[in-house]
Amino acid sequence: MGAIISSCWDPLPPLTDILLPTPDVYLTLLNIFQYFPLFTIVQWLTAWHPAGKTSMTTSIFNLPGRWAWFAMEIVSPLNLVYLLWQLPVKLADTTPTRPIPLPWPNKLLAALFVVHYLNRAVVSPFLAAPSMSPIHLFILASAMLFNWFNSTCLAGWLVGYDIPLRPAYPSAPAAASSPSPSPAAAAISGILPTLGTALFLAGMAGNISAERTLFRLRREEAARPPSASTSAAPATATATATSNPPSPSTAKIYIIPPPTTPLFATILYPHYVCEWLEWTGFALAGTAVRAATASTTTTTAGSATAAAAAAATTATASGTLQLAPWLRPAAQLAAHLGRPVPVPAAVFVVNAVTNMLPHARWGRRWYVERFGEAAVAGRGAVVPFCEWM
């Protein structure tokens, strides 16, 4: 048995090369993470998701909602910042006090990512949410693993790891030698980073607005006197008896926003859709990352710092990434526009959608069961007026 365990363990890279991944380890992690949508098939088959409003069963593995949410979300910004600080130092073999600076487009994307997750990890659970239901240990561990994979893949991309792709699409070095795009494609290509940044900010604003609307409606329902008429108010569901007078914690009090509520007129999960728009914008803005890195090292060539930066930003994996079929259309579009393929950002968009979409679908069913089809008013989960989606 010991020999079997040893034979399985020996091929693994050192722990330091996993926590601070080399280009080859990064390639392996990205290759695994791009197939995450296959794991989400299980989410379509079962409604079991012991977190949030679907966390209605008691379990010894349930954890306090606010702190569990904080723990699983804070992994993303902490890991990203740590890797962006340490990976250039490791690759350029410089002193820890003189890390190689990232180009400003890379810094901008990192800042957008960190701001999003600070809102999710700190502001939302501790300052905005009236309460948070318990979160099962399995959900916590799964979310932490997802966020670690995602932030690690994004960090390797932002520091300039070059991953040869199959089928071949333009990457940082190859993009300069690729055929020039048409004038129309070149015009679109030029505005992609700006458009992506604007889309990210608009999606984040919509996501926060929709989430805060839900929190406000829950607070208002909790403050409503028990004898008050609810004929003109949103329908409510109470999973456990509330205290008398109503507790300000609003624990286990959930509402369905009426169709007149902004952003909730046609769908029940606009906060999901807005988050998808965020990460789509992030990927579009990411088409500037590799080009910006290459130009930065070129313009400062000749200095020792530039030479080290060039070494770090052109670190190339020895293997090749076989793109998953669902990523190839995005890669083809980027190649048509003459832009490098932001593979980790595209992977994140696909993974976020495939992870959240089944939750939204089961969530719509939950709304129908608790409030009735009349209160749902024909709204879809994420597709307007689509009862199945």
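Just so you know, all these numbers are worked out from the coordinates, no wet-lab data involved. Worth saying up front: this structure is predicted, and the values here are computed from it rather than measured. Positions of Cβ are backbone-derived with ideal geometry, glycine not excepted, and every protein chain shown enters the neighbour counts.
Numerical summary
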read-out: Residue count for the stretch 34-51, restricted to those that are surrounded by fewer than 18 Cβ atoms within 10 Å (Cβ to Cβ), assigned to a helix (DSSP H, G or I) and out of contact with any Lys or Arg (no Cβ under 8 Å at 6 or more places or on another chain); value: 6
read-out: Which listed residue, of Ala375, Ala346, Ala335, is within 21 Å of the chain's Cα centre (by Cα) and surrounded by 17 or more Cβ atoms within 10 Å (Cβ to Cβ); value: Ala346
read-out: Number of the exception - Val89 against (1) hydrophobic (A, V, I, L, M, F, W, C); (2) under 17 Å from the mean Cα position of the chain (by Cα); (3) surrounded by fewer than 20 Cβ atoms within 10 Å (Cβ to Cβ); value: (2)
read-out: Count - residues of the stretch 118-138 that are in contact with a Pro (Cβ under 6 Å, 6 or more places away or on another chain) and crowded, with 22+ Cβ neighbours inside 10 Å; value: 0
